[in-house]
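Colleague: Take this structure, written in structure tokens, and hold onto it; I'll ask about it next.
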Amino acid sequence: MKISEDLLKLIPYKPGKPISETQREYGITDIVKLASNENPLGMSPKAKAAVLKVIESGHRYPDASCYELVQKISEVWKVPRERIVVGNGSDELIDFLVRVYCQAGEGILTSEAAFVAYSVRAGASRVKVYRTPMAPGYRSDLKAMTQFLREHREEHRVRLVFLPNPNNPTGTHISDSEIQSFLQEFGNHPELMIVFDEAYTEFVRAKDYLSAQTYFQKYDNVVVLKTLSKIYGLAGLRVGIMMAPPETADVVNRVRTPFNVNELAQAAAVAALEDFDFIRKTCEITWQGLDYFYQELSAMGLPYTESQGNFVLFDTGKEATEVNEALLRRGVILRPVQNYGFMTQMRMSVGLPDENRQAIEALRQVLAWEK
Ligand SMILES: *Cc1c(COP(=O)(O)O)cnc(C)c1O
């Protein structure tokens, strides 16, 4: 049967190289993986205990309404239940938003070097992707987006704007005043939903950052996405959160499959959300790791972008594919980012102090070797 050209052209999302694959291909056992912005402390012990407890009822269907988890999210973020939808990772929620708001041929708008999931999900629904150039310092340029929307929104039928804040892989953020100006023009727009992807909020140290949750009361087209994959340490269990206008939440709930978040994930998420000690520790270790990276990268003369996430984008000054290959041979998995148009840069997640040291040491060897 004939398959649509649009789908055959899709480029699948390329995740960080798995540890097992690297072990197989390079024949080494001692591997440091700093490629997927995961929590280096693992899972909260409380979340682990919760999983072990509910595994007893693995033969039962999960709670399709995610009642307890939604309740916990509502308490933690002080958002009414009717605004909350839980997904199989925020990736799934991005997919739902595209399916709900865009017909084939309509468009989404995001920035160059924005998190790639938006374009992958849009492509899967035959939705067009428009990108505005970045501002200096690899920042999302809300002025350029404003201009684009003024000039082209109608013609291109742009329905969704995706604003990762902070962004991955650049680690840069959008300031509250930039958000305010943008929302002054497009907040409450009847044909546009504005999605803030706040996967890394807890790590932000910039003083001019504010969650877009602040604007829920004022504007009825603001959506905020969160994930439990990063600071909450549940990347493997897949839990994403959408906070949206109640009408949006209602439609997404109709589109989603009833058991998209399994019972183990639900139980782990409830426990992870209340393990404040674990969250605080993760934050501390992340900030220390980032400062260590900044110091070492500066010492090596490698330019980097200051990050509001748990990773740093830096310039190797060489072809990143080659640097990556040499690092893999030394058992260090970082993330090449050519798919974002960065040919000499790599993204490095913060790990445990010892893993950070090993990664820096390997980088030092690799870059000196090739000089
Ligand atoms: C990691 C990440 C996510 C989370 O994806 P999940 O599907 O929830 O694991 C979302 N947005 C950005 C910008 C990310 O970096």
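The values are calculated or read from the model by the stated rules, or taken from the named source; none is laboratory data. Keep in mind the model is a prediction, meaning the values are calculated, not measured. For neighbour counting, all protein chains shown are included, and Cβ atoms are generated from backbone atoms with ideal geometry for every residue, glycine included. These area figures cover heavy atoms from the full protein model, side chains too; ligands, DNA and RNA do not enter into them. Shrake-Rupley method; radii C 1.70, N 1.55, O 1.52, S 1.80 Å.
Colleague: Among the residues of segment 21-38, write down those that are part of a helix (DSSP H, G or I) and either assigned by TED's automatic domain parsing to the domain that holds THR227 or of a type in the set (Lys, Arg) (or both).
Modeller: ARG24
Colleague: Do the conditions hold for LYS48, that is, is it more than 16 Å from the ligand (Cβ to nearest atom) and either at pLDDT below 95 or surrounded by 15 or more Cβ atoms within 10 Å (Cβ to Cβ) (or both)?
Modeller: yes
Colleague: Taking segment 317-363, which residues are more than 21 Å from GLN23 (Cβ to Cβ), free of Cβ contacts under 8 Å to residues at least 40 places away in the same chain and aliphatic (A, V, I, L, M)?
Modeller: Scanning segment 317-363 gives ALA320, MET343.
Colleague: Could you list all residues from segment 151-198 that are hydroxyl-bearing (Ser, Thr, Tyr), within 16 Å of the ligand (Cβ to nearest atom) and open to solvent by 10 Å² or more (accessible area, probe 1.4 Å)?
Modeller: Within segment 151-198, THR172 is the sole residue that qualifies.
Colleague: Can you name the residue in segment 199-209 that is surrounded by fewer than 19 Cβ atoms within 10 Å (Cβ to Cβ) and without any contact (Cβ under 8 Å) to a residue 60 or more places away in the chain and is also farthest from the ligand (Cβ to nearest atom) among such residues?
Modeller: LYS207
Colleague: Something else: Select, from VAL239, VAL222, VAL251, VAL255, the only residue that is buried (at least 24 other Cβ atoms within 10 Å of the Cβ), of a type in the set (Val, Ile, Thr) and farther than 24 Å from GLN184 by Cβ.
Modeller: After ruling out the rest, the residue left standing is VAL239.
Colleague: Do you know which residues across segment 226-248 are within 9 Å of the ligand (Cβ to nearest atom) and not small (Gly, Ala, Ser)?
Modeller: Once the filter is applied, which keeps residues that are within 9 Å of the ligand (Cβ to nearest atom) and not small (Gly, Ala, Ser), segment 226-248 yields LYS226, THR227, LEU228, LYS230, LEU234, ARG238, VAL239, ILE241.
Colleague: Within segment 283-308, can you find the residues that are in contact with an Asp or Glu (Cβ under 8 Å, 6 or more places away or on another chain) and in a helix (DSSP H, G or I)?
Modeller: CYS283, TYR294
Colleague: Taking the criterion of being acidic (Asp, Glu) and away from the ligand (no atom under 16 Å from the Cβ), would at least one residue in segment 70-87 satisfy it?
Modeller: yes
Colleague: Which residue pairs have Cβ atoms under 7 Å apart, sit 6 or more places apart or on different chains, and have a first residue in segment 99-116 that is outside the structural domain of GLU191 (by TED's automatic domain parsing) and a second that is crowded, with 18+ Cβ neighbours inside 10 Å and aromatic (Phe, Trp, Tyr)?
Modeller: none
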